[in-house]
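Working notes, structure below.
The values are calculated or read from the model by the stated rules, or taken from the named source; none is laboratory data. All values derive from a computational prediction rather than experimental measurement. Every residue, glycine among them, receives a Cβ derived from its backbone with ideal geometry; neighbour counts consider all protein chains shown.
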There are 2 protein chains.
Amino acid sequence: MSELVLRGGTILTIDPQHRVLSGDVACKDGAIIQVGGSYTPTTSDYQIVDCAGTLVMPGLVQAHVHTVQTLARGRADDLELMDWLRGVIWPYEGSLDAEAAGAAGELACAELLLGGTTAILDMATVHHTDEIFRAAERSGIRATIGKAMMDAPDTPASLRESTASSLAESDKLIKRWHGAADDRLRYAYAPRFVLSCTDELLREVGVQSKARGVRIHTHASENRGEIELVRQRFGKDNIDVFADLGLLGDHVCIAHGVHLSAAERALLAKTGTHICHCPSSNLKLASGVCDVPALIAAGVSVAIGADGAPCNNNLDGFLELRLAALLHKHAHGPRTLPAPEVVKLATLGGAAALGLADKIGSLEVGKRGDVIAIDLSPLHQVPSSSPWSVVAYAAKACDVRHVAVDGRVVVRDRALQTLDVRTVRDRAVSAAKRLFP
Amino acid sequence: MSELVLRGGTILTIDPQHRVLSGDVACKDGAIIQVGGSYTPTTSDYQIVDCAGTLVMPGLVQAHVHTVQTLARGRADDLELMDWLRGVIWPYEGSLDAEAAGAAGELACAELLLGGTTAILDMATVHHTDEIFRAAERSGIRATIGKAMMDAPDTPASLRESTASSLAESDKLIKRWHGAADDRLRYAYAPRFVLSCTDELLREVGVQSKARGVRIHTHASENRGEIELVRQRFGKDNIDVFADLGLLGDHVCIAHGVHLSAAERALLAKTGTHICHCPSSNLKLASGVCDVPALIAAGVSVAIGADGAPCNNNLDGFLELRLAALLHKHAHGPRTLPAPEVVKLATLGGAAALGLADKIGSLEVGKRGDVIAIDLSPLHQVPSSSPWSVVAYAAKACDVRHVAVDGRVVVRDRALQTLDVRTVRDRAVSAAKRLFP
């Protein structure tokens, strides 16, 4: 299928002019070749998807998820971060075999695509990262994935690795997967957080990532307890530690950033480091509220993510987008993060965090065909007003009707085209039964 | 249809023992006669609804909505309360004719039922309240509705009424609708808020509501600007004003209560007055965060509501329930409002606020058959864990498969049985076009 026409929708381009158009979005060989107006296929090898009555927009980009955690959905409610990690998540990750990791990855990718998320920055666990890549490959999602790196002495035994093996395993995964599936899959180094890594590992990740042109995905400043432990070890805060170790830059995406000083925000902005805001997760783990308006005012690039199923408990980009739009207004005023701004965080902001700002995040000629069509007929969207308002406040993941990635239809009329949903469900349920007998 | 069997689900009863059962929920002549086990109909006049693979639970109860505002969805984003009221909502309400009010009411009731809300406490506008009752009657929802009372001198002309006519119109509506549709419809006096009413009206509402056994539904302490205006007029805060005017008690439900002192909370608890927490609305209008844990600790009865479409922009009980579960943890700790507690606010808490604690809010023999069945197969709920966690954190309005009110099926396999959705949509779109040309 070399041409794809998403026909006859209202098009929220999210281009620099914020244009709202009507008509077709056409893709050829995976790239967008026309936005708006009427497109006539130039070959006999084409597919037309009816988008009448839908809002056609770029797919959501989530810059912080843990697809491998999905089997622990609902198993870790009402806990604080360190209890959640030590009591449930690390034991869960340590108990995963390849089959369970693959089941979790497929389940997550399927949920994400059905809900209109077309690209993710994903942190796997220490082992079985090949299985996550395979799941992403099969599902058709665009994914930048990294194995979690954990070589600190107090890491639980089931996950602890040596510095050398952590780097060697990352090397192997880069060779195997970075640029795979026509560059739909990429690698990112994923040192879990400062506390799970030795200085040596963090320093080497900083050097290697620059040398190889591979991004870094990590966590920082999520929780006050974590920050206190970082201060005990380094005598300074996360972002200063990252600066010392060579871990800041436009190639770095840090999840959370809930408790940052003005100086840390300035350093993030100066270095071009990205922050991924995860509002549901931060609230559920009682971590706090990331001051997104202050980050934006300081010039920091911000994206949005659902984090993992055990701290959310969905992987729903629309839910996170809406919560981000609502959460900061009472502290900063009702005009804070208005609909267009928050919709851009969830699309262009995510694209920038993945290093793909030139390829995805808006519907513009030359970008990749990562496109979703939102059904405007459900009553919770009636009557329809501004497309920005629809996306920010009213639309839901279940309204997503069609999804294309790289110009290939992966969800059509709410049905996943790449994986059999019943098989995905059965595999996940069966793996979860082994893990939580 | 005298018997209804919701067959073969997992049953979250929300009874005093928090029992989770499996099997059938059976209703006869609108009342629940069996919960769990297998039920064999005793007459030939029965209906069986397959609930295998679903979670069967009491319908959600929203104790503060404005169905009449639904046509203004997406028309009042990013504004603070008083600007939102004066700039958009009052002009909108003032411009409504009977047809538009009816269209808004039908649209809202249909959205609510399709999303699993089976009962509401609804504030209409000053005029056309008959249309809202008719919409609720036709849709099959359980509704306690009141016309907004607005006799203060600075009320906009299109809504202002005399004290006498406000009371007389309420009287007429009580005679016509209180107890109608086999007691599915009830009346509640709805003085909009202190600032929109004269002291005389408020005092008379306090007297009349007790004399007639009719409830009161109002707003208070939503926004700091509003509180300041109340202080200027009375020299005291909302709840003290209500106490002076005879407007507190178990028959009163106050929406919001965002900014309350410890003394006000104690007075609410002592009098049995209900607070309806509207988390999305409070965040979107930048009003603040109602301290729900403090209210509960003080012994105040708390319910949940979506408020109106222009400040939400959905009428989705599951979205509000989840946000209520998340929003208070970072200030009070991760165990705050755990899943079972928040699910009870959205069911039993709402029932109490409507004065229907003995009739709805849980699945128990003798209560009315207000029951919903949530499809557990969507991938965002896989793997399933505790039913409480599913409802609090993972389930969505679009997962609601069947809905019964008073033992009558109003939604079956996600399709509304009482109104034609296409007609509801067309009527709403057409009315909205006249209002927002």
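To keep it simple, each residue is scored yes or no on (1) modelled with pLDDT of 95 or more; (2) in contact with a helix residue (DSSP H, G or I) (Cβ under 7 Å, 6 or more places away or on another chain).
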site	(1), (2)
A:Asp151	yes, yes
A:Pro156	no, yes
A:Ser166	yes, yes
A:Glu169	yes, no
A:Leu173	yes, yes
A:His178	yes, no
A:Asp183	yes, no
A:Tyr187	yes, yes
A:Arg203	yes, yes
List the pairs whose first member sits in the stretch A:368-394 and is in contact (Cβ under 8 Å) with a residue 60 or more places away in the chain and more than 7 Å from chain B (Cβ to nearest Cβ), whose second member is basic (Lys, Arg) and not in a loop (DSSP other than H, G, I, E, B), and whose Cβ atoms are under 6 Å apart, counting only residues at least 6 apart or on separate chains?
A:Ala373/A:Arg401; A:Asp375/A:Arg401
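Conditions (1) without any contact (Cβ under 8 Å) to a residue 40 or more places away in the chain; (2) outside any loop (DSSP other than H, G, I, E, B); (3) closer than 22 Å to B:Ala325 by Cβ; (4) touching a helix residue (DSSP H, G or I) at 6+ places or on another chain (Cβ under 7 Å), marked per residue:
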site	(1), (2), (3), (4)
A:Glu226	no, yes, no, yes
A:Leu229	yes, yes, no, yes
A:Gln232	yes, yes, no, no
A:Ala243	yes, yes, no, yes
A:Gly249	yes, no, no, yes
A:His259	yes, no, no, yes
A:Cys276	no, yes, no, yes
A:Gly288	no, no, yes, yes
A:Leu295	yes, yes, no, yes
For the stretch B:96-106, state whether one or more residues are within 14 Å of chain A (Cβ to nearest Cβ), out of contact with any strand residue (DSSP E or B) (no Cβ under 8 Å at 6 or more places or on another chain), among the acidic types (Asp, Glu) and within 30 Å of A:His330 (Cα to Cα).
no
Taking into account only those residues within the stretch A:20-37 that are in a loop (DSSP other than H, G, I, E, B) and within 25 Å of the chain's Cα centre (by Cα), which is nearest to A:Lys344 (Cα to Cα)?
A:Gly30
Failed item in (1) in contact with a Cys (Cβ under 6 Å, 6 or more places away or on another chain); (2) not in a strand (DSSP E or B); (3) not aliphatic (A, V, I, L, M), with A:His64 passing the rest
(2)
Which numbered condition in (1) surrounded by fewer than 21 Cβ atoms within 10 Å (Cβ to Cβ); (2) within 13 Å of chain A (Cβ to nearest Cβ); (3) modelled with pLDDT of 95 or more is the only one that B:Glu364 fails?
(2)
Going through B:Asp130, B:Asp45, B:Asp78 one at a time, which residue ends up being within 14 Å of chain A (Cβ to nearest Cβ), surrounded by fewer than 24 Cβ atoms within 10 Å (Cβ to Cβ) and not β-branched (Val, Ile, Thr)?
B:Asp78
For the stretch A:17-53, how many residues meet the condition of being free of Cβ contacts under 8 Å to residues at least 40 places away in the same chain and either more than 13 Å from A:Pro387 (Cβ to Cβ) or of a type outside the set (A, V, I, L, M) (or both)?
14
What about A:Pro338, is it within 20 Å of B:Asn314 (Cα to Cα) and not assigned by TED's automatic domain parsing to the domain that holds A:Val68?
no
Which condition number does B:Arg186 fail, the rest of (1) within 18 Å of the chain's Cα centre (by Cα); (2) more than 22 Å from B:Val405 (Cβ to Cβ) being met?
(2)
Which residue out of A:Asp78, A:Asp15 is on the phi > 0 side of the Ramachandran plot and assigned to a loop (DSSP other than H, G, I, E, B)?
A:Asp78
Condition check for A:Asp316: touching a His at 6+ places or on another chain (Cβ under 8 Å), buried (at least 24 other Cβ atoms within 10 Å of the Cβ) and within 14 Å of chain B (Cβ to nearest Cβ):
yes
Number of the exception - A:His128 against (1) under 21 Å from A:Ala306 (Cα atoms); (2) out of contact with any strand residue (DSSP E or B) (no Cβ under 8 Å at 6 or more places or on another chain)
(1)
